[in-house]
1. Restricting to the range 96-115, name every residue that is out of contact with any Phe, Trp or Tyr (no Cβ under 8 Å at 6 or more places or on another chain) and either open to solvent by less than 60 Å² (accessible area, probe 1.4 Å) or part of a helix (DSSP H, G or I) (or both).
2. So, of the residues in the range 5-35 that are farther than 21 Å from Arg79 by Cβ and β-branched (Val, Ile, Thr), which turns out to be most open to solvent (accessible area, probe 1.4 Å)?
3. Considering only the range 74-84, state which residues are buried (at least 17 other Cβ atoms within 10 Å of the Cβ) and touching a residue at least 40 places away in the same chain (Cβ under 8 Å).
4. Could you list, in sequence order, all residues of the range 62-73 that are out of contact with any Asp or Glu (no Cβ under 7 Å at 6 or more places or on another chain), open to solvent by 60 Å² or more (accessible area, probe 1.4 Å) and touching a residue at least 12 places away in the same chain (Cβ under 8 Å)?
5. State the number of residues belonging to the range 1-16 that are part of a helix (DSSP H, G or I) and either more than 17 Å from Leu45 (Cβ to Cβ) or out of contact with any strand residue (DSSP E or B) (no Cβ under 9 Å at 6 or more places or on another chain) (or both).
Amino acid sequence: MVNVHIGLNVKNLSESQTFYKRFLGVKPVKIKDDYVKFLTQKPNLNLTLTQRNKVAGNQINHLGIQVETKEDVLKHKERLEREGFFAREELNTTCCYAVQDKFWVTDPDGNEWEYFYTKQDSE
């Protein structure tokens, strides 16, 4: 199995653990006093959270999960809205030289995540 690994520094481990449990729809596979690990299968993701005293600014432009259809985007948007997230929707938007349908949510440390479907390339 091949997993993408993302390690994020977080200010409040408990708050971030709750966010990512709801965002990813899975429970953590490992929990320590200063560390939490999530593994997902769709997408194959190894996400770790490490408690830090100071986390300044959003050093990552954004993170995203690319899905296969617009219906998948809407399914995940509805799921996260049921979880109480505010999802900022962008349909038929041009981004990264492509026309996409997407929505965004923001984690407790200001990292933006998008679920997106790419319709076609653009200039």
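1. Applying the first criterion (out of contact with any Phe, Trp or Tyr (no Cβ under 8 Å at 6 or more places or on another chain)) to the range 96-115 yields 96-99, 109-111.
Selection gives Ala98, Val99, Asp109, Gly110, Asn111.
2. Filtering the range 5-35 for residues that are farther than 21 Å from Arg79 by Cβ and β-branched (Val, Ile, Thr), the one most open to solvent (accessible area, probe 1.4 Å) comes out as Ile31.
3. Going through the range 74-84, the residues buried (at least 17 other Cβ atoms within 10 Å of the Cβ) turn out to be 74, 76-77, 80.
Answer for the range 74-84, where residues must be buried (at least 17 other Cβ atoms within 10 Å of the Cβ) and touching a residue at least 40 places away in the same chain (Cβ under 8 Å): just Leu80.
4. Hits for the range 62-73 are Gln66, Glu68.
5. Step one: list which residues in the range 1-16 are part of a helix (DSSP H, G or I), which gives 13-16.
Next, only the ones that are either more than 17 Å from Leu45 (Cβ to Cβ) or out of contact with any strand residue (DSSP E or B) (no Cβ under 9 Å at 6 or more places or on another chain) (or both) stay: 13-15.
The total comes to 3.
The values are calculated or read from the model by the stated rules, or taken from the named source; none is laboratory data. Worth saying up front: this structure is predicted, and the values here are computed from it rather than measured. Glycine also receives a Cβ, built like all others from the backbone with ideal geometry; neighbour counts cover every protein chain displayed. All accessible areas refer to the heavy atoms of the entire protein, side chains included, with ligands and DNA or RNA removed. Shrake-Rupley method; radii C 1.70, N 1.55, O 1.52, S 1.80 Å.
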